[in-house]
Amino acid sequence: MASVSSLGVGTSLDLDTLYTSLETAEKTKLTAITKQQTTYNSQLSSYSKLQSSMAALQTAAAALPKTSAFSATAVTSTNTSFTATTDATASTGDYSVDVDQIAKAQTLMSGSFSSNSTALGGTTSGNSRTLTIAQGGSTTPLTITLTDSQTSLSGIADAINKSAGNVSASIIKASSGDYRLMLSSKTTGTDSDMTVSVTGDDTLQSAIGYSASATGTQNMSVQTASQNAKLNINGVAIERSSNNITDALTGVTLNLNAPSTDASGEKLTVSRSIDDSKKTINAFVTAYNSLKSTIASVTKYTAVSAGETQASSNGALLGDSTVRAVENSMNSILTTVQGGSYSILAQLGITIDPTVQSDGSTGALTVDDTKLTAALTNNPQAVSQFFIGDGSTTGFATKLNSTLTAMLSTTVGKEGIIKNAEDGINTTLKTLSNRYDQMSDSIDATMARYKTQFTNLSTLVNSLTNTSTYLTSQFSSTSSS
């Protein structure tokens, strides 16, 4: 808006003060709009908080309708010859596990060489030869092309390691002038035994070639013999190439550490685990109470005496119909009777606290840990049925999850009540912004008109004053004559 200075200069009129007063009065028209904008922006911020709390509850609710949440198992025994983990498919019970031997990987050792950098290969056409390491358990052997400069022990080991195959190589220095090449299979079991051959270089073949079955090719020796893991589970003999056994007991993974020291083996105990179930349920309760706290915050009301102005600390969504709809939906689901042995939350030890919480919320959920533990221990299937139902339309958590998902939807054509409310506010804010701009332009035009009028008035007054002064002077001169 254009600034004004020195209106009414040379006159007795205080036009600057009058202009400023008029400008202040005109700007009050903008104040009403900015107050509305502040109110709607506060509502938008409160909807964002409400949406975040609802999304957190939706995430917690979505975690409940999962079979794994109520069928978790855990190993409760302490074992030394092996360790074990379970998943939801494992059956509870005691198992006798006797580890006879653990799986080992084969290691081959070359003969002694005086240097680790001297080339061991012969002269070849094309300056290359092919090193092949085949393993019984692999359909694709490791094949490496070696140049003349790569036929030293160090060159061979480096080429093998850079190939990133299933074999690792290292150089062992036994003493000065005594170097040896060691090859180790990266996988255990007899299926991974190695056969080493060199084509295109008979000299190098005679130095490191190895085959357990072919005569004259045992130029390396077995440093560590491979072996499969062998164990007995409840008297059933089991043999695997790896110490990580995932398919012997359904849902149980065994990791073998050493042979059993007791001829009778060790007891593996698989028990029902309720820790994960309790954690999931308590996470839901926490998220629900957080939503109740958020609702209390955005709808807060501070009582005032009759005739007094409403408190500025009132929630931005006080009396809002969308918030009431959210609360009503949550209350309806909480009190809906489910089918099955457990039909209401209270039977699981989850009850509604009618007292007012420190944050001003009411209806918070509380958990009786003893009662919840008993329900999960004695009848986990019934607890699962209460929360999951048919997994589509029935079940406490299933219904809660689907309801919150619909409320929070932002999909075009399927917008939830939160998105609709926010869109409505944003539309209103856009309208207010346009009104503000139009009003501001109107005020500018009005004040420009006032300025013109005041300037003209000032000019007129100055002219009249000058005329009056002239006439007075003339009359004075005439009278003196």
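The values are calculated or read from the model by the stated rules, or taken from the named source; none is laboratory data. Everything quoted here is computed from the prediction, not taken from an experiment. We place every Cβ from the backbone using ideal geometry, glycine too, and count neighbours over all the protein chains shown. The accessibility values were calculated without ligands, DNA or RNA, using every heavy atom of the protein model including side chains. Shrake-Rupley method; radii C 1.70, N 1.55, O 1.52, S 1.80 Å.
Checked against (1) assigned to a loop (DSSP other than H, G, I, E, B); (2) free of Cβ contacts under 8 Å to residues at least 60 places away in the same chain; (3) open to solvent by 50 Å² or more (accessible area, probe 1.4 Å), Asn331 meets all criteria but (1). The combined condition, being more than 21 Å from Leu400 (Cβ to Cβ) and either basic (Lys, Arg) or in contact (Cβ under 8 Å) with a residue 24 or more places away in the chain (or both), is not fulfilled by Ala303. Within segment 445-463, the set of residues being of a type in the set (A, V, I, L, M, F, W, C) and at pLDDT 75 or above comprises Ala445, Met447, Ala448, Phe454, Leu457, Leu460. State which residue is nearest to Asp94 (Cα to Cα) when the search covers only segment 252-295 and only residues that are of a type in the set (Gly, Ala, Ser), open to solvent by less than 20 Å² (accessible area, probe 1.4 Å) and in a helix (DSSP H, G or I). So, considering only residues that are of a type in the set (Gly, Ala, Ser), open to solvent by less than 20 Å² (accessible area, probe 1.4 Å) and in a helix (DSSP H, G or I), the one nearest to Asp94 (Cα to Cα) is Ser277. Quick check on segment 83-95: of everything there that is more than 30 Å from the chain's Cα centre (by Cα) and at pLDDT below 95, which residue is least open to solvent (accessible area, probe 1.4 Å)? Of everything passing the filter in segment 83-95, Gly93 is least open to solvent (accessible area, probe 1.4 Å).
Residue-level analysis places Thr143 among those that are surrounded by fewer than 15 Cβ atoms within 10 Å (Cβ to Cβ), modelled with pLDDT of 95 or more, part of a strand (DSSP E or B) and not charged (D, E, K, R).
For segment 42-64, filtered to residues that are open to solvent by 40 Å² or more (accessible area, probe 1.4 Å) and in contact with a Ser or Thr (Cβ under 7 Å, 6 or more places away or on another chain), the residue that is nearest to Ile388 (Cα to Cα) is Gln58.
For segment 18-41, a residue qualifies if it is open to solvent by less than 60 Å² (accessible area, probe 1.4 Å), more than 30 Å from Leu457 (Cα to Cα) and not hydroxyl-bearing (Ser, Thr, Tyr), and the qualifying residues are Ala32, Ile33, Gln37.
So that you can scan it fast, the table gives a plain yes or no per residue for (1) among the acidic types (Asp, Glu); (2) open to solvent by less than 70 Å² (accessible area, probe 1.4 Å); (3) touching a strand residue (DSSP E or B) at 6+ places or on another chain (Cβ under 8 Å):
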{"site": "Asp100", "(1), (2), (3)": "yes, no, yes"}
{"site": "Ala105", "(1), (2), (3)": "no, yes, yes"}
{"site": "Phe113", "(1), (2), (3)": "no, yes, yes"}
{"site": "Ser117", "(1), (2), (3)": "no, no, no"}
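With respect to the conditions (1) open to solvent by 40 Å² or more (accessible area, probe 1.4 Å); (2) in contact with a Lys or Arg (Cβ under 9 Å, 6 or more places away or on another chain); (3) closer than 30 Å to Asp275 by Cα; (4) not polar (S, T, N, Q), Gly389 falls short on a single one, namely (1).
Of everything in segment 119-129 that is of a type outside the set (Lys, Arg) and open to solvent by less than 40 Å² (accessible area, probe 1.4 Å), the residue that is modelled with the highest pLDDT is Leu120.
Any chance segment 382-393 includes a residue that's assigned to a helix (DSSP H, G or I) and charged (D, E, K, R)? No, every residue in segment 382-393 fails to be assigned to a helix (DSSP H, G or I) and charged (D, E, K, R). Taking the criterion of being open to solvent by 40 Å² or more (accessible area, probe 1.4 Å), closer than 30 Å to Leu318 by Cβ and in a helix (DSSP H, G or I), the only residue of segment 334-347 that qualifies is Thr335.
Of the residues making up segment 159-207, those that are small (Gly, Ala, Ser) and in contact (Cβ under 8 Å) with a residue 24 or more places away in the chain number 11. Being at pLDDT below 95 and either on the phi < 0 side of the Ramachandran plot or in contact with a helix residue (DSSP H, G or I) (Cβ under 9 Å, 6 or more places away or on another chain) (or both) holds for only one residue in Gln227, Gln218, Gln223, and it is Gln218.
On inspection, Thr80 fails the criterion of being part of a strand (DSSP E or B) and at pLDDT 95 or above.
Being among the charged types (D, E, K, R), outside any helix (DSSP H, G or I), in contact with a strand residue (DSSP E or B) (Cβ under 7 Å, 6 or more places away or on another chain) and surrounded by 13 or more Cβ atoms within 10 Å (Cβ to Cβ) is a condition met by at least one residue of segment 348-367.
Can you tell me which residue within segment 153-183, out of those that are open to solvent by less than 10 Å² (accessible area, probe 1.4 Å) and over 47 Å from the mean Cα position of the chain (by Cα), is nearest to Ala119 (Cα to Cα)? By that ranking, first place goes to Leu153.
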